[in-house]
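Right, one structure below, let's go through it.
The values are calculated or read from the model by the stated rules, or taken from the named source; none is laboratory data. On a predicted model such as this, the values are computed, not experimentally measured, just so you know. Note that each Cβ is placed from the backbone with ideal geometry, even for glycine, and that neighbours are counted across all protein chains shown. Each accessible area value is taken on the protein alone, full model and side chains, heavy atoms only, with ligands, DNA and RNA left out. Shrake-Rupley method; radii C 1.70, N 1.55, O 1.52, S 1.80 Å.
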Amino acid sequence: MFRALFLVALVPALVSATDFFPCDGGRPLPTSVDIEGCPSGTCNLVRGSDVIAFIDFTADRAVSSMTTVATATALGVTTNYPLGSNAATCNFLQGSSCPLSAGEDVTYRLTMPILSIYPLVSLTIEIDVVDASNQSVACFFVNAQVVTATN
């Protein structure tokens, strides 16, 4: 009975996970990424809205502070994606705080604004959570498409 209940509870969590891919250079991969409204495939980023992502990762070492670096690549051009105050990773940990211990599992809530002026293009977005020494703690990328809101 317990196994059946466990499987029933686990299946929705597996279905809602977003497709994500490893960064180059062997940087640590999160254990899961869940971008709201993007269960699989290419994520639609609606102009004029915020994208909310929940990123689960395990610290592979002690970490005193972290910053999120976002990079967007579209039409062969790569540029930094401005996160403003949302880049202060430690401020958005769910049920945890910095410093992190080696082996500590955390969930990070990232908010990414999608400005109304962004062009309607396909792109990849790389999210790299780095420590104070600019060493990656967790890194992944997703495929996305900037779209207009539908009524």
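Between the residues N44, F140, P99, the greatest Cα displacement towards the positive end of the dipole of the chain, with unit charges on the Cβ of Lys, Arg, Asp and Glu, is found for N44. Each Lys and Arg contributes +1 and each Asp and Glu -1, all at the Cβ; summed about the Cα centre of the chain, the dipole is approximately 180 debye.
The slack between L93 and A149, meaning 0.36 nm per residue of separation minus the straight C-alpha distance, is 17.3 nm. 3J(HN,Hα) along the stretch 81-92, derived from phi through the Karplus expression 6.51 cos²θ - 1.76 cosθ + 1.60 where θ = phi - 60°, amounts to 9, x, 10, x, 5, 5, 6, 7, 3, 4, 6, 10 Hz, with x in place of Gly and Pro. Rounded to the nearest 500, the 222 nm mean residue ellipticity of the chain from helices alone is -3500 deg cm²/dmol, with -39,500 (n - 2.57) taken per DSSP H run of at least 4 residues. If you take all other residues with their beta carbon under 14 Å from the beta carbon of C43, and give Lys and Arg +1 and Asp and Glu -1, the sum is -4. Per residue, the stretch 22-115 exposes an accessible area of 50 Å² to a 1.4 Å probe, with every protein chain left in place.
When the alpha carbon gyration tensor of the chain is reduced to an equivalent ellipsoid, its three semi-axes come out at 25, 22, 14 angstrom, largest first. Using a simple spin-label model with pseudo-atoms 7 Å out from Cα toward Cβ, V121 and S85 lie 2.9 nm apart. What a 1.4 Å probe finds exposed on the chain is 58% carbon and sulfur by accessible area, rounded to a whole percent.
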